[in-house]
Amino acid sequence: MFAKQLTVFIENRSGRLSEVLHVLKENNVNILSLSLADTTEFGLLRLIVDNAALGKEKLSENGFSSLLSDVSIIKIPHEVGSLQSLLKIIDNNGVNIEYMYGLSIESDEAYVVLKASDIVKVDEILTANGVHTITCEELANI
Amino acid sequence: MIWNETKECMSRDQMSALQSARLVKLVDYVYHNVEFYRKKMQSIDLMPADIKSIEDITKLPFTTKDDLRDNYPFGLFAVPNTEIVRIHASSGTTGKATVVGYTRYDLDIWAECVARCLSMAGVGKDDIIQIAYGYGLFTGGLGAHGGAEKIGATVVPMSTGNSKKLTTMMVDFGATAIACTPSYLLHISEVLASEGLLDRIKLKAAICGAEPWTEKMRNEIETKLNIKAYDIYGLSEIMGPGVACDCEFHKGLHVCEDHFYPEILDTTTLSPVAEGVTGELAFTTLTKEGIPLIRYRTKDLTSIDRTPCECGRTSARISRFKGRVDDMLIIRGVNVFPSQIEAALIEVEEVTPHYMMIVDRVNNLDTLEVQVEVDQKYYTDEIRAIEALTKKIAHVIQQALGINAKVKIVEPQTLVRSEGKAVHVIDKRKLY
């Protein structure tokens, strides 16, 4: 099962990140997790939100370029070593991870957002190993 | 020191007579040897016999860079390749280069003209000169080289790209002269200063060209290096460096007008303007065999002064350049047209056709940044993909322009859209 990640390309100039967040706020799009990858010239803001399609539409209306892409959101026990165990499963199957970021909710569970070089294969690997993946909507309802 | 007193100091009447005789011969030559000119003349019912003196030059049609492109590569050559001994090329306005060919005689004349320029700068056979223009298709290196050998100087063909080697040899060889772009020389002066070599050089003169520069830059070069700096001008279509150069009085650049007849044209009507009035410079190559050009429009803006100079030369002087008629830029001595960037970007499907060039000068070296927008279809969530795209675009631009550019991907809809004549260039350098 895949979740939709909303990625926004932003130039490195002051105030730009805040403008993106403002658009999302105005349209009642809730951010569940995020990661900001930055270079000297630009950044990629990767967001897990409760309504990615709405977020993309509203950002586009406001002149931001964004993209929806499939990622895996994986529930893992909130305990030492659980992430490493997960990665071991993926590594053993020869799939590269492009990027990853996490979120932790006040419970026994934590979540990581993961994008692999081959997302379909990763999904199969996870399912075969009994690892749960969830959607943004499910995440939003926790 | 005057290299060729007969030609450089002849009376205006004598010069006019010489130019008239040479023009008559040239028109007959191109009519019979270059189909392009024959057809052009026939289309306006002009016969070689109609050209009797230099005053008749205004009856002749113009030649433009587009004509060279349309006849790429050798269509305007007046001789077969058996007579051509050298080819040079410069940037065209789009993908195709502007190609020129030289006969052995043309190379002799070129060396003669550069010899006059070097003599104006006080460079002679006692001097050791470093030629730090690029050697290759660009006319700078080999052009300056030929003239420096002709005057019997000791020539060090440095070419470009290795400042450390240049400064080391400048000190070790005791170089007394250098030929390079003015911005590169300022950069060299900083390298010398940072290495503590400034008081160990024997440099006395610099012959700078291939890009526009200001009096302020001249003063800076002269003060920093304690030398005299001279301005040399040329363009590959006409010959290369050596078409004109300024003497120690710096009252304009003396044109080798027994070989290149200069006209200044009104930018709207293209009629010749009066002396002292600024207009577009055009040249007719009076003696060229390989690729003779008639009334070639240089797109450079200047004015002309035909009064004798304090140095004793009577040759016409063109003023420091005041700008360009077109949008050509000179970046690190290389001619760059925005249209080349446009043509190059069409090859990259991931980007939109919108672009902005930002030209600046940092530590006396020209920088070029090209901003592009990525097509919505190719948006990605991976940094790696964007960086790979940036590299790909930089490579395409490097191949098209011959210079390195920094590519910056910007947000969509942020670059100016074409509304009539779009602004594609921000030049932060103050060159005119």
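Counting only helices (runs of 4 or more DSSP H) that fall entirely inside segment B:123-212 and contain at least 2 residues that are of a type in the set (A, V, I, L, M, F, W, C) and within 26 Å of residue B:247 (Cβ to Cβ), the qualifying elements are B:139-150, B:182-194. Would you be able to say whether some residue in segment B:101-113 is closer than 27 Å to residue B:150 by Cβ, assigned to a helix (DSSP H, G or I) and touching a His at 6+ places or on another chain (Cβ under 7 Å)? Looking through segment B:101-113, at least one residue is closer than 27 Å to residue B:150 by Cβ, assigned to a helix (DSSP H, G or I) and touching a His at 6+ places or on another chain (Cβ under 7 Å).
The lone criterion from (1) at pLDDT 95 or above; (2) more than 15 Å from residue B:86 (Cβ to Cβ); (3) surrounded by fewer than 24 Cβ atoms within 10 Å (Cβ to Cβ) left unmet by residue B:134 is number (1). Of everything in segment A:26-44 that is among the charged types (D, E, K, R) and surrounded by 12 or more Cβ atoms within 10 Å (Cβ to Cβ), the residue that is nearest to residue A:56 (Cα to Cα) is A:38. Can residue B:236 be described as under 30 Å from residue B:77 (Cβ atoms), assigned by TED's automatic domain parsing to the domain that holds residue B:145 and either over 25 Å from the mean Cα position of the chain (by Cα) or of a type in the set (S, T, N, Q) (or both)? Against the criterion (under 30 Å from residue B:77 (Cβ atoms), assigned by TED's automatic domain parsing to the domain that holds residue B:145 and either over 25 Å from the mean Cα position of the chain (by Cα) or of a type in the set (S, T, N, Q) (or both)), residue B:236 qualifies. Residue-level analysis places residue A:75 outside the set of residues that are away from chain B (no Cβ under 14 Å) and touching a helix residue (DSSP H, G or I) at 6+ places or on another chain (Cβ under 7 Å). When the residues of segment B:102-119 are filtered to those that are among the small types (Gly, Ala, Ser) and surrounded by fewer than 22 Cβ atoms within 10 Å (Cβ to Cβ), the one that is nearest to residue B:229 (Cα to Cα) is B:119. A single entry from B:297, B:306 fulfils the requirement of being within 17 Å of residue B:265 (Cβ to Cβ) and touching a helix residue (DSSP H, G or I) at 6+ places or on another chain (Cβ under 7 Å): B:306. For segment B:129-147, the set of residues classified as within 11 Å of residue B:179 (Cα to Cα) and among the β-branched types (Val, Ile, Thr) consists of B:129, B:131, listed by residue number.
Each residue in segment B:375-404 was checked for being buried (at least 18 other Cβ atoms within 10 Å of the Cβ) and farther than 28 Å from residue A:97 by Cβ, and 5 of them qualify.
Restricting attention to segment B:1-37, which residues are within 24 Å of residue B:115 (Cα to Cα) and touching a Gly at 6+ places or on another chain (Cβ under 7 Å)? Listed by number, the residues that qualify are B:1, B:2, B:9. Every condition in (1) at pLDDT 95 or above; (2) within 11 Å of chain B (Cβ to nearest Cβ) holds for residue A:38 except the one numbered (1). Here B:66, B:56, B:28 are screened, and the one residue that is acidic (Asp, Glu), in a helix (DSSP H, G or I) and under 18 Å from the mean Cα position of the chain (by Cα) is B:66. Only residues that are surrounded by fewer than 17 Cβ atoms within 10 Å (Cβ to Cβ), under 18 Å from residue B:381 (Cβ atoms) and within 12 Å of another protein chain (Cβ to nearest Cβ): list them for segment A:47-67, please. Within segment A:47-67, just A:60 meets the criteria. Out of B:40, B:96, B:7, one residue alone is on the phi < 0 side of the Ramachandran plot, assigned to a loop (DSSP other than H, G, I, E, B) and charged (D, E, K, R). It is B:96.
From the list B:407, B:372, the lone residue that is of a type outside the set (Phe, Trp, Tyr), surrounded by 14 or more Cβ atoms within 10 Å (Cβ to Cβ), within 14 Å of chain A (Cβ to nearest Cβ) and in contact with a Phe, Trp or Tyr (Cβ under 8 Å, 6 or more places away or on another chain) is B:372. Listed by position, the strands (runs of 3 or more DSSP E) enclosed by segment B:264-347 that each have at least 2 residues that are touching a Phe, Trp or Tyr at 6+ places or on another chain (Cβ under 9 Å) are B:279-285, B:296-302. Within segment B:351-360, the residues that satisfy the criterion of being surrounded by fewer than 18 Cβ atoms within 10 Å (Cβ to Cβ) and either in the same structural domain as residue B:162 (by TED's automatic domain parsing) or modelled with pLDDT of 90 or more (or both) are B:358, B:360.
The values are calculated or read from the model by the stated rules, or taken from the named source; none is laboratory data. Treat the numbers as computed from the prediction; the structure is a model and nothing was measured. Cβ: placed from backbone, ideal geometry, glycine included. Neighbour counts: every protein chain shown.
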